[in-house]
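Heads up: the structure comes next, in structure tokens.
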Amino acid sequence: MDKIVVQGGRKLKGEVRISGAKNAVLPLMAAALLTEEPSQIENVPNLQDVQTMIKLLRVLGAKVHYSDHILEVKPGRDLKLVAPYHLVSTMRASFCVLGSMLARLGEAKVSLPGGCIIGPRPIDLHLKGLEGLGSTISIEHGYVVARAKNGLCGSDIFLGGKFGSSVLATANVLMAATLARGTTYIENAACEPELVDLANFLIKMGANIKGHGSHLIEIKGVRKLRGARHTVISDRIEAGTFMVAGAMVKGSDVLVRDCCPEHIMAVIDKLSQAGIAIKKGRTTVRVRRNGTLKTLDITTLPYPGFPTDLQAQMMALTTVAPGISVITEKIYPDRFIHVSELNRMGCKIFLEGASAIIHGVVRLSGAPVMASDLRASAALILAGLAAEGTTEVRRVYHLDRGYEQIEKKLSSLGAVIRREKE
Ligand code: EPZ
């Protein structure tokens, strides 16, 4: 297993290019199964999760070719009915094939997704939505078995859960409804940019969708979809991570390129409150840190609120803002595994329910730490950038699921960082 070793205290300077969005491309790959015709997806990041999804599409019978960030999916006529445990259990986004397989084949058997370190990840909203479209669903031997022998039927579906809307449940129902008879309204739909990207791809495939990007989506079912060509939006979470990187050390000046500033307004707002100078361009954000950081009060919320996927990275920043910051998690109340590791680096964070109370320090001290999930791994690397001495972030395999060459991108900005075998 690899570890990332960071020598802290270096100012970051220069430009970094943001890759295509992981959480957009994975549902797009599932959507490509809705037709037998080939589709081409561009700006696809080379990530472990993309490789896992490629394996799943191949197991389902599609031909897939991936090189130079371009992905070609040829689903063909005969798709298999079963998405197996060994692939779906490793990555929750693969559960998205349920909606597309059910719509295309009238039947699907998809393994229940695995457990997750960031807390419980139920699927009740996915199932409620697909049942609302007229399918019958049962759980058999660890698999979700969905059947709609006479096809799916458009319907009014309310997708609100205990923690608000659900991104991937909306994606599953949206995909299934494109081929249902009649009109579907998804109320309390998620409106994350990744879902808008999915809807735009489906529209290119011939789907009739309105209202994507709002909480009410209207889908008029069509008989068939065709193959399409699409470029994935840039990754707002990667962009946010590099913006935080540019804020960790005084004197840093980082230009984040090929991003969508309008997708990261909540992050821009919080960094500005922390005293970071931000300059937005059309597809760039420049981040400059001059003085001491101010403390922050952050609550994670569905889009356009502050994203849970940047909570850990922002916590790393507040550890070097002298004084008390508070971060409240409203999406995954247990997503705080990184707290004990950040505490090993010399700051004091206390958990009080779903809130973390962070006593920021002037300087962190480098230490060996253990990465637990994807975003926590990124947060520990960010903390290492600002720490005195060496930080070793162990078990970083999660990192490769969602960040394309993060250590190369950081070293191009002047960070002293390398990957080593444990
Ligand atoms: C997506 O997961 C992302 N994953 C997650 O990113 C992200 O953290 C999450 O959305 C929230 O923004 C992908 O897009 C591949 P949800 P998803 O359903 O769709 C509850 C990362 O680091 N819920 O929107 O699975 C759920 O427990 C990952 O890149 C139900 O109650 O998340 C949570 O509290 C991690 N019932 C809330 O809804 C359900 O059936 C939002 O989760 C489904 C979800």
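The values are calculated or read from the model by the stated rules, or taken from the named source; none is laboratory data. What you see is a predicted model, and the numbers here were worked out from it, not measured in a lab. Note that each Cβ is placed from the backbone with ideal geometry, even for glycine, and that neighbours are counted across all protein chains shown. Side chains are part of the model used for accessible areas, which takes the heavy atoms of the whole protein and leaves out ligands, DNA and RNA. Shrake-Rupley method; radii C 1.70, N 1.55, O 1.52, S 1.80 Å.
Summary table below
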| read-out | value |
| --- | --- |
| The listed residue being at pLDDT 95 or above, under 30 Å from Pro120 (Cβ atoms), assigned by TED's automatic domain parsing to the domain that holds Lys270 and surrounded by 17 or more Cβ atoms within 10 Å (Cβ to Cβ), out of Ala415, Ala371, Ala387, Ala379 | Ala379 |
| Any hit, the stretch 199-210, residues being touching a Gly at 6+ places or on another chain (Cβ under 6 Å) and more than 16 Å from the ligand (Cβ to nearest atom) | no |
| Ala30 being within 15 Å of Ala228 (Cβ to Cβ), open to solvent by less than 50 Å² (accessible area, probe 1.4 Å) and of a type in the set (Gly, Ala, Ser) | yes |
| Failed criterion for Gly161 (all others in (1) at pLDDT below 95; (2) touching a Leu at 6+ places or on another chain (Cβ under 9 Å); (3) surrounded by 17 or more Cβ atoms within 10 Å (Cβ to Cβ) hold) | (3) |
| Members of the stretch 228-248 that are open to solvent by 20 Å² or more (accessible area, probe 1.4 Å) and out of contact with any His (no Cβ under 7 Å at 6 or more places or on another chain) | Arg229, Thr231, Ile233 |
| Subset of the stretch 106-127 (residues that are modelled with pLDDT of 95 or more, out of contact with any helix residue (DSSP H, G or I) (no Cβ under 6 Å at 6 or more places or on another chain), more than 8 Å from the ligand (Cβ to nearest atom) and not charged (D, E, K, R)) | Gly106 |
| Output for the stretch 58-104, where each listed residue is within 19 Å of Leu168 (Cα to Cα), without any contact (Cβ under 8 Å) to a residue 60 or more places away in the chain and not aromatic (Phe, Trp, Tyr) | Ala83, Pro84, Leu87, Val88, Ser89, Thr90 |
| Residue within the stretch 1-10 that is at pLDDT 95 or above, among the aliphatic types (A, V, I, L, M), within 24 Å of Thr231 (Cβ to Cβ) and open to solvent by less than 60 Å² (accessible area, probe 1.4 Å) present | no |
| Residue selected from the stretch 201-227 under the condition within 19 Å of the chain's Cα centre (by Cα) and crowded, with 19+ Cβ neighbours inside 10 Å, by the criterion farthest from Asp258 (Cα to Cα) | His212 |
| Enumeration of residues in the stretch 327-365 that are touching an Asp or Glu at 6+ places or on another chain (Cβ under 6 Å) and either within 23 Å of Phe242 (Cβ to Cβ) or within 16 Å of the ligand (Cβ to nearest atom) (or both) | Arg335, Ala354, Arg363 |
| Positions within the stretch 193-217 being more than 14 Å from Ser166 (Cα to Cα), part of a helix (DSSP H, G or I) and touching a residue at least 40 places away in the same chain (Cβ under 8 Å), in sequence order | Asp197, Leu198, Phe201, Leu202 |
| Scan of the stretch 131-149 for residues that are part of a loop (DSSP other than H, G, I, E, B), open to solvent by 90 Å² or more (accessible area, probe 1.4 Å) and in contact (Cβ under 8 Å) with a residue 24 or more places away in the chain, ordered by number | Lys149 |
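Residues checked against (1) more than 18 Å from Lys13 (Cβ to Cβ); (2) open to solvent by 30 Å² or more (accessible area, probe 1.4 Å):
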residue	(1), (2)
Val254	no, no
Met265	yes, yes
Ala277	no, yes
Thr284	no, yes
Arg289	no, no
Thr292	yes, yes
